[in-house]
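Heads up: the structure comes next, in structure tokens.
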Amino acid sequence: MAYKEILEQLPYTSPFLFVDRIIHLDEDNAVGEYTFKKELDFYRGHFKDNPVTPGVILTECCAQIGLVCLGLYLIGKTKEYNSEGTGLTLSSSNMEFISPLYPGQKVKVISEKIYFRFNKLKCKVKMFSSKEELICKGEIAGFIKPMIE
Amino acid sequence: MEKQEYLEELKKIVQPYLPDDVLIEAMTANSHFINELNINSANLVDIVLDVEDTYDIVLENDDIEKMLTANDVIAIIESKKKL
């Protein structure tokens, strides 16, 4: 499946889509990019007069690239795949936040599969700024399964 | 292996995935993982993977659907080991 098709299958849209581009996908890895534009609404409130990207949003960006894009790719490779869509549930995340990410920066998320068994995908994720600085890292898991009519 | 030995080993596997308010002492061979021990389906997958590693077996979707209690797990381990 082409990366473009994966992007089109993502069930998110603005203001909650945190993937601009998929750079690489294979059976074990995903790499993608997203630019946190200065205009994003949450910067008005996190924090007052001092915009910093919230940890939950960094986690969401890691999950969309590292877990969902990889999961859609993996499920597209299984024979169960059908075009009815995909059920997604985040089951756990264990993240460490290393450096603050200020508005206007492009980030790269790198994800490595730990396992994909019984519809549960667990990945190790890392997010880097455009200056190659580690922003956050951790483990994220969720269920990804084809909807069967 | 005796059933009691299996049960003690399974308790060690299950313990890290129990909710804080469920004590491992409460687990018997017939405790329902989800309904009685309150283990969620995400953690149940981790338990299944730990069972695979511990007993060097491979489990399929059909197997885990039948794994509702420790007794069920023991029966599946025994049947896989015979193969």
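The values are calculated or read from the model by the stated rules, or taken from the named source; none is laboratory data. Everything quoted here is computed from the prediction, not taken from an experiment. No Cβ is skipped: glycine too gets one built from the backbone with ideal geometry, and neighbour counts run over all protein chains shown.
Scanning segment B:31-65 for residues that are farther than 23 Å from residue B:21 by Cβ and either loosely packed, with under 13 Cβ neighbours inside 10 Å or touching a residue at least 24 places away in the same chain (Cβ under 8 Å) (or both) yields B:51, B:53, B:54, B:55, B:56, B:57, B:58, B:60, B:61, B:62, B:65.
Scanning segment B:19-30 for residues that are aliphatic (A, V, I, L, M) and without any contact (Cβ under 8 Å) to a residue 12 or more places away in the chain yields B:23, B:26. Against the numbered list (1) surrounded by 13 or more Cβ atoms within 10 Å (Cβ to Cβ); (2) in contact (Cβ under 8 Å) with a residue 40 or more places away in the chain; (3) not acidic (Asp, Glu), residue A:147 comes up short only at (1). For segment B:1-59, enumerate the residues that are acidic (Asp, Glu) and in contact with a Leu (Cβ under 7 Å, 6 or more places away or on another chain). Residue satisfying the conditions is B:52 alone.
Residues in segment A:133-149 that are modelled with pLDDT of 95 or more and away from chain B (no Cβ under 14 Å): A:133, A:134, A:135, A:136, A:137, A:138. Do you know which of the residues in segment A:113-132 that are within 13 Å of chain B (Cβ to nearest Cβ) and surrounded by fewer than 18 Cβ atoms within 10 Å (Cβ to Cβ) is farthest from residue A:64 (Cα to Cα)? The extreme case among them is A:117. Of the residues A:87, A:76, the single one that is within 16 Å of the chain's Cα centre (by Cα) and over 24 Å from residue A:53 (Cβ atoms) is A:87. Taking the numbered list (1) free of Cβ contacts under 8 Å to residues at least 60 places away in the same chain; (2) over 18 Å from residue A:27 (Cβ atoms) in turn, residue A:105 passes all entries but (1).
Listed by first and then second residue, the pairs linking a residue in segment A:84-102 that is on the phi > 0 side of the Ramachandran plot to a residue that is surrounded by fewer than 15 Cβ atoms within 10 Å (Cβ to Cβ), with Cβ atoms under 6 Å apart and 6 or more places separating them unless they lie on different chains, are A:85/A:147. Applying the criterion of at least 3 residues that are over 26 Å from residue A:93 (Cβ atoms) and either within 11 Å of the chain's Cα centre (by Cα) or within 14 Å of chain A (Cβ to nearest Cβ) (or both) to the helices (runs of 4 or more DSSP H) found wholly in chain B leaves B:3-14, B:61-66, B:70-82.
Within segment B:27-38, identify whether any single residue is touching a Pro at 6+ places or on another chain (Cβ under 6 Å), of a type outside the set (A, V, I, L, M, F, W, C) and modelled with pLDDT of 95 or more, and answer yes or no. Yes - at least one qualifying residue is present in segment B:27-38.
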